[in-house]
Amino acid sequence: MASSKKKKEKQRRPWLFPAIVLFLLVLLAVCHRPLARLYFVKEYGEEIGDCSETYDVSEDLICGVIWTESHFDPTAVSSAGSCGLMQLKPSTFAEMRSRMELTTDASVFSPEENIRCGTFYLRYLYDMFGDWDTALAAYNAGLGNVSKWLQDPAYSEDGKTLSTIPFPETEQYLKKVHFAEKLYNYLYGYQKKEV
């Protein structure tokens, strides 16, 4: 009986291990910045800087998305078929390249092209919704889902911003991106751009 009670308690606290890991990472970052930079790497700084300036998206937000999506692995492929640093589906990659009027061939796995298209896509979503959290939710859950949520008073009080996110994965995604964004700002000193 006592064994099954302990088992049930463990099942009710799936957040405990990630919370401990998060705490340790924050402690590491605060206590030893150079050591934290080994885990929170910042590669492709020139490409990120160029895209930040071109599309007016903060470098720390771009790094937060890349870290959350792929941990800076340009060869990453998700179970949903998303590829590269910013985890773009090949169809989204092609659509963004078309919107940017890029005509040369490029691979979704090219770090430079993936960052360019991913940042353009973030900006595209921000311009569509006018809110970074809503744009990030659409980046993760899809444009169609977020558009539906904004029309539902249970999820949006004003039809422009989300008061509730019905997908737990997307809600966690926003938290992870913002956590990483703040850490990159702390570790590398990026300045957040106000839009």
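A short reminder: the numbers here are calculations on the coordinates, not readings from a lab. Just so you know, these numbers come straight off a predicted model, no measurement behind them. As a convention, Cβ positions derive from the backbone with ideal geometry for all residues, glycine included, and neighbour counts pool all protein chains shown.
With 0.36 nm allotted per residue and the present C-alpha distance subtracted, the D73-S147 stretch has 23.6 nm of extension available. Pop a pseudo-label 7 angstrom from the Cα along the beta-carbon direction at both A154 and F167 and give the gap in nm to one decimal. Spacing of the two 7 Å Cα→Cβ label points: 1.7 nm.
A simple charge model with +1 on the Cβ of Lys and Arg, -1 on the Cβ of Asp and Glu and nothing else charged puts the dipole of the range 44-188 at about 400 debye relative to its Cα centre. Relative intensity of the range 44-188 on a log10 scale, I(q)/I(0) at q = 0.09, 0.11, 0.12 Å⁻¹, equals -0.26, -0.39, -0.46, per a Debye sum over C-alpha point scatterers of equal strength in the absence of solvent.
Residues whose amide H falls under 5 Å from that of S58, counting only those 5 or more places apart or on a different chain, are K193, with hydrogens built in the peptide plane.
Counting charges near Q87 (Lys, Arg +1; Asp, Glu -1) among other residues having Cβ under 11 Å from its Cβ returns a value of -1. Separation of the range 92-107 and the range 121-188, taken as the distance between their Cα centroids, equals 24 angstrom. For the peptides 98-107, 79-88, 169-178, 64-73, the ranking by mean Cβ contacts within 10 Å, running from highest to lowest, is 64-73, 79-88, 169-178, 98-107. Here the residues D127, D50, ranked from fewest to most Cβ neighbours within 10 Å of their Cβ, fall in the order D127, D50.
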